[in-house]
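**Q** Quick one: this structure, given as C-alpha cells, is what I'll be asking you about.
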Amino acid sequence: MSALPQPPKALTAYRPFWAKRFGPAPFLPMTRAEMEQLGWDSCDIIIVTGDAYVDHPSFGMAVIGRTLEAQGFRVGIIAQPDWQSAGPFKALGKPNLFFGVAAGNMDSMINRYTADRKIRSDDAYTPGGQGGKRPDRATLVYTQRCQEAFKDVPIVIGGIEASLRRIAHYDYWQDKVRRSVLVDAKADLLVYGNAERAIIEIAHRLARREPIESLTDVRGTAFMRRTDDPTAEGWFELDSTEVDRPGRIDDLISPYQIVDDKTCKTEEPDAPKPITIHKIGRIKMPPREHTVVRLPAYEQVKSDPVLYAHANRVLHLETNPGNARALVQRHGERDLWINPPPIPLTTAEMDHVFDLPYARAPHPSYADEAGGHDGATKIPAWEMIRFSVNIMRGCFGGCTFCSITEHEGRIIQSRSEDSVIREIEEMRDKVKGFTGIVSDLGGPTANMYRIGCKSPEIEAACRKPSCVYPGICPNLNTSHDPLIKMYRRARALPGVKKILIGSGLRYDLAVQSPEYVKELVTHHVGGYLKIAPEHTEGGPLSKMMKPGIGSYDRFKQMFEAASAAAGKKQYLIPYFIAAHPGTSDEDMMNLAVWLKKNGFRADQVQTFYPSPMATATAMYHSGKNPLKGISRDETRGESVDIVRGERRRRLHKAFLRYHDANNWPLLREALKSMGRADLIGNGKHHLIPSYQPLTDGSYDSARRKNSTVVKPAAAPASAPRKGQLLTAHTGLPPRVTGGQRVPAGRPGKPGRR
C-alpha cells in the first residue's frame, strides 16, 4: 500500500521574515494611519476580502493574516471595499509581495441569492447585517480592481469561492458550466482548501525573489500553463477525457516502452525490452507524484453533461492527500493544472494557528456610538460564533450536497485539548459580554474530534468518498473518549457555567458510544439538539450518501432515554432537504407522512442548493450519478430523477411544510394526481384536511426574518348590493354562507371566522 507523502516543512520551521521585529499588531491595519502607528512604511501582503474584518479564528482573513504575521510579514486588510473603482484598493499602498483575494467565508453567489435565485435581504458577514456590500462573483471583481490598482503585483486568489470553483464547474445561477475561476480572474495562482501551508510557502518563496510563474510545485494550488510549456516535461499523463472505457482509465502503455520511475520519461529502446510487470499481471505504474490525470477540456464539459459528470467523478477520486494525483484540464490554448491537496496540519500546527494573538473581536472601525459591537453595527456571523470554540477541521462524511469535504478535506485535523482549554479561558477573560456560557465546542461536525483511520497506511491508500457510508468503515476508530474527556475538563473550568454543542451532530457515529450520548444529553444540550437525517427514504438518501432513518431512530431512542435519566425534557430538531437529486414526489409525500406521524412541523425549509463542484450538483446538471460510474450506455451507470422547475420545487417544499394552509391547494392537487387522495381528510391519519381556510400567503416563523408577512388587501369601496354578482374581479369579499371557516392564523382547526 502507498504511504503518506513525506512530511512537509512544519509551519513553524521557516526562518522568519525580517519584519518580524515589528511584533504582532493589535489588529491587522485597514488604513494608512494604522500602518503608521505600527511603524510600517508598506505592507508585504494585502488581503482583500468580501467579509467585514473580524479578528477571530473562525474568519478566513484573520487566520491567514495572523498566520503570515507570525512568519514575520506585514499584513494589511482591505475588507468589503467599494468595487466601483480601483481607488479603495490603493488604500494601503502597493504590497511588496502579493495581493491575497477572497470572496469571504461563503461563496459570494450563495451569500447573495437563495436557492430560488432570489436576492437575500441581508448579509451575516456585514455590520448591521446589511446586504449588497460585496459584488456577485467577488473574486473576479476584486482581482480585476487589484490589477487596475497595481498592474505588476502578483495576485493569489483563495477562500471557499476559489476552492469550489477551481475547475470547470456548473453554475446554478447562470445554468451553465463556467470556466475555472482562475481563468476568468486572470490571477497568478489559486490556493484551495485551508491554505496555511501553501500560503506560507508562497510568501517565503516570493520574498526570496522567486518569480510567481515558477511556483508550480506547491500542493493545494492551481495555475495556468501553456500546452507546450517545457516545464511540464517529466510528467506521465493519464488520459481520462472519455467515459466509455471499461476498467482502468489509464493510458494504454506499449509493452515495449521502458518507464523510468524517477523521471517518468518513456523511450523506445533499440532492443525491445518489456516493462516491469507485477506478479499479479498489472503494469507497474509511474510514481503518483509525477503523474497527472487529464480531464475532459472545458470546451467539452460545457456542452456535454455526461462528460461533466465523469470529470466530477475523477476529481473526487483524487482528493485524498495520501494518493491524489495532479489534474490538468484544458481551457482554450492553455492548461489548468491542479496540484494534489495539501498535507493536513498536525495537532501541533493546528495549535499554532489557533494560539495566534487574535483580538477575538471585530475591527474597531465597526464600533457603534458606545464603542461596542452590539448595536446597529453588530455583525451577525460574529455574534453567532462569539462564544464558540472550533476544535477540529474536516469531515469524512462525504455528503454529496455539502462543500466541507471539497474545501477542508476528509481527514480530521484536531487541536490538542490544552489548546482548546486555553482558548476557552482566554474567551472567558477577554471577550466582552461573556456570561459563562460557551455556545459551541465543535467544528464542521460536533463529534469527529480525533476520529480517523486506525491505520495511516490504509488511510493513505483509501479512495472511498466516505468513511461512514453505506456503513461505518471497520477501519475507522469511532472512540469518543478524547471528546468526553475534553467536555469534562472544559465544564470544570472556573467561570464556565454551561457548554452547549451547537454544531451538527453525526448521530450514526454517536450511537457507537453510549457514554458519549449520555454525556452530551446530560450536560451539553440546551433543551434542543439539531441533527440532520435529511430524508427518510432510501432513494434520496443513497444520492446524499446519508444513513437510513433507522440510525436516527436508534439515536432518538438513546437521546430520550438519557434525557429521562437526567430528569430533563429535551427535544431533537431534525433537518430535511427538499428537491434533492434522486427525490421523487412520492419520496417527499412519504417524508411528509413521517413528519406528521412523529409530530414535526418544519419551520425552516432547506431546498437543495447546487453549490459549485459538489457531487450532487453534478447529478443536478447531468442527470447521472457519479457515485455509480458514468456511461453513455443507458444499461450501465445510473440515471437520477432531477427536481427542476419552480412548480415541482414548490411542491417538494410544500410537502415539508404540510401544516401550512397556504400549501394545501397545491398538495391536494398533487395527492390526487398521485392516486393518494386517501391522505386528504379531516382525521388524524390524514396528511391535509379537505376544507380550505382563507389564507393570505403569510406564515409566522420562529425566526422573524423567515416569516412571510402580507399586507392586508384594501377594503372594498362599498358593500355588495342585493343581486350583485360577485366575481374575483370585483375585489369584494365572499358571501357569508354560514359555513364554518378556519381562522387564518390557526390552520388545521375548524372554527368560525
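The values are calculated or read from the model by the stated rules, or taken from the named source; none is laboratory data. Being a predicted model, the structure only gives us computed values, none of them experimental. Using ideal geometry, Cβ is built from the backbone for each residue, glycine included, and neighbour counts are taken over all protein chains shown. Surface accessibility is based on the protein's heavy atoms, side chains included, excluding ligands, DNA and RNA. Shrake-Rupley method; radii C 1.70, N 1.55, O 1.52, S 1.80 Å.
**Q** With respect to the cross-link table entries 9/151; 118/653; 133/432; 151/378; 543/653, which display a Cα-Cα separation exceeding 24 Å? Please report the intermediate quantities before stating the final value.
**A** On the way: 9/151 32 Å; 118/653 16 Å; 133/432 27 Å; 151/378 36 Å; 543/653 18 Å.
Listed pairs above 24 Å: 9/151; 133/432; 151/378.
**Q** Which whole-number percent gives the relative contact order of segment 536-680, counting Cα pairs below 8 Å spaced six or more residues apart? Provide the component values of the computation, followed by the final result.
**A** Details: 154 pairs, mean separation 35.3, N = 145.
Dividing the mean separation by the residue count of segment 536-680 yields 24 percent.
**Q** Label segment 537-669 by shape, choosing from rounded, prolate and oblate, from the square roots a ≥ b ≥ c of the eigenvalues of the Cα gyration tensor; if a/c is under 1.5 it is rounded, and otherwise prolate applies when a/b is larger than b/c, oblate when it is not.
**A** Judged from the Cα gyration tensor, segment 537-669 comes out oblate (a/c at least 1.5, b/c at or above a/b).
**Q** For segment 449-561, build the convex hull from the C-alpha positions and give me its volume per residue in Å³.
**A** Values: hull volume 12.8 nm³, N = 113.
In segment 449-561, the Cα hull volume divided by residue count equals 113 Å³.
**Q** Quick one: if you stick a label point 7 Å off each Cα along the C-beta vector at residue 454 and residue 285, how many nm between them?
**A** So the label points at residue 454 and residue 285 sit 2.6 nm apart.
**Q** Among 329-337, 106-114, how do they line up by average Cβ neighbours within 10 Å per residue, starting with the highest?
**A** In descending order of packing, they fall as 106-114, 329-337.
**Q** Quick check for you: which residues of segment 510-540 have the amide N under 18 Å from the point 7 Å beyond the Cα of residue 488 toward its beta carbon?
**A** Only 513-525 fall inside the zone, counting backbone N under 18 Å.
**Q** Taking all protein chains together and a probe of 1.4 Å, list 184, 152, 171 from the most accessible to the least accessible.
**A** Working: 184 35, 152 110, 171 0 Å².
Putting 184, 152, 171 in descending order of accessible area: 152, 184, 171.
**Q** Determine the principal axes of the Cα atoms in the chain, then give the extent along each, sorted from largest to smallest and rounded to whole angstroms.
**A** Result for the chain: principal-axis Cα extents of 102, 68, 57 Å.
**Q** For residue 113, list long-range residues whose amide hydrogen, built 1.01 Å from N in the peptide plane, is under 5 Å from its own amide hydrogen.
**A** Distant-sequence amide H within range of residue 113: 120.
**Q** Can you work out ³J(HN,Hα) from phi for every residue in segment 380-388, in order, using Karplus 6.51 cos²θ - 1.76 cosθ + 1.60 and θ = phi - 60°, giving whole Hz and x for Gly and Pro?
**A** Karplus values, whole Hz, x for Gly and Pro: x, 5, 5, 4, 5, 9, 3, 10, 10.
**Q** Going by amide H atoms built from the backbone, whose H comes under 5 Å of the H on residue 171, apart from near neighbours?
**A** 176, 177, 178
**Q** A further question follows. I'd like the per residue volume of the convex hull spanned by the Cα atoms of segment 1-57, given in cubic angstrom.
**A** Each residue corresponds to 159 Å³ of Cα convex hull volume.
**Q** Give me the 1.4 Å probe accessible area per residue for segment 120-170, excluding ligands and nucleic acids, in Å².
**A** Using a 1.4 Å probe on heavy atoms only, each residue of segment 120-170 averages 32 Å².
**Q** Cβ neighbours within 10 Å, averaged per peptide: list 312-324, 83-95 in order, most packed at the top. Walk me through the numbers on the way to the answer.
**A** Working: 312-324: 21.3, 83-95: 16.5.
Result, highest mean first: 312-324, 83-95.
**Q** Solvent-accessible area per residue for segment 565-628 at a 1.4 Å probe radius, Å²? Write out the running numbers ahead of the final one.
**A** Numbers: 2370 Å² over 64 residues.
Solvent-accessible surface per residue comes out at 37 Å².
**Q** Another one. Of 569/596; 530/556; 302/624; 176/628; 556/597, which pairs sit farther than 18 Å apart, going by alpha carbon to alpha carbon?
**A** 569/596; 176/628
**Q** What is the distance in Å between the Cα centroid of segment 110-141 and that of segment 423-439?
**A** Result: 30 Å between the Cα centres.
**Q** Same structure again: List every residue whose amide H lies under 5 Å from the amide H of residue 531, counting only residues 5 or more places away in sequence or on a different chain, with H placed 1.01 Å from N in the peptide plane.
**A** The list, which skips near neighbours in sequence, is 573, 575.
**Q** Over the chain, what relative contact order in percent results from Cα pairs under 8 Å that are six or more residues apart?
**A** Worked out over the chain, it gives 10 percent.
**Q** For segment 168-238, what does the relative contact order come out to in percent, with C-alpha contacts under 8 Å and a separation of six or more?
**A** Computed value for segment 168-238: 29 percent relative contact order.
**Q** May I pose another question? Taking only DSSP H segments of four or more residues, each worth -39500 (n - 2.57), what value at 222 nm results for the chain once the sum is divided by all its residues, to the nearest 500 deg cm²/dmol?
**A** It lands at -7500 deg cm²/dmol.
**Q** Stretch residue 217-residue 333 to full length: gain in nm at 0.36 nm per residue minus the Cα-Cα span?
**A** Stretched out fully, the residue 217 to residue 333 stretch lengthens by 39.6 nm.
**Q** On to the next question. Could you work out, for segment 125-185, what percent of all Cα-Cα pairs fall into each 10 Å distance bin, beginning at 0 Å and stopping at the bin that holds the largest distance?
**A** 19, 45, 30, 5
**Q** A further question follows. Classify segment 142-254 from the C-alpha gyration tensor, please: rounded if a/c falls under 1.5, else prolate or oblate depending on whether a/b exceeds b/c.
**A** Numbers: a/c = 2.10, a/b = 1.35, b/c = 1.55.
Oblate is the answer for segment 142-254, as a/c is 1.5 or above yet b/c matches or exceeds a/b.
**Q** By how many nm would the segment from residue 120 to residue 41 lengthen if fully extended, with 0.36 nm per residue of separation less the alpha-carbon distance?
**A** Taking residue 120 through residue 41 to full extension adds about 24.4 nm, to one decimal.
**Q** Considering only DSSP beta bridges where both residues belong to the chain, give the percentage that are antiparallel (nearest 5). Write down the numbers at each step before the final one.
**A** Values: 28 of 65 bridges.
Around 45 percent of the beta bridges assigned by DSSP in the chain are antiparallel ones.
**Q** Would you mind putting 303-311, 162-170 in packing order, based on average other-beta-carbon counts within 10 Å, highest first? Before the final figure, lay out the partial values.
**A** Values: 303-311: 21.6, 162-170: 26.0.
Per-residue mean Cβ counts within 10 Å order the peptides as 162-170, 303-311.
**Q** Express the carbon and sulfur contribution to the solvent-accessible surface of the chain as a percent, rounded to the nearest whole number, probe 1.4 angstrom. Write out the running numbers ahead of the final one.
**A** Details: 17560 of 34110 Å².
Summing carbon and sulfur atoms, their accessible area is 51 percent of the total for the chain.
**Q** Stick to the Cα atoms of segment 482-532, pair each with every other, and give me the Kirkwood hydrodynamic radius in Å at one decimal.
**A** About 11.6 Å, per the Kirkwood formula over Cα pairs.
**Q** When ligands, DNA and RNA are left out and all protein chains stay put, how many square angstrom of accessible area per residue does segment 344-384 have with a 1.4 Å probe?
**A** 44
**Q** With N denoting the number of residues in segment 103-208, provide Rg(C-alpha) divided by 2.2 N^0.38 Å, to two decimal places. Walk me through the numbers on the way to the answer.
**A** Numbers: Rg = 14.9 Å, N = 106, 2.2 N^0.38 = 12.9 Å.
Computed over Cα atoms of segment 103-208, the ratio equals 1.15.
**Q** For segment 390-441, how big is the tail of P(r) above 17 Å, as a whole percent of Cα pairs?
**A** 51
**Q** Using the crude model of +1 on Lys and Arg Cβ and -1 on Asp and Glu Cβ, and no other charge, please compute the dipole size for the chain relative to its Cα centre, in debye to 20.
**A** Computed about the Cα centre, the dipole is about 3120 debye.
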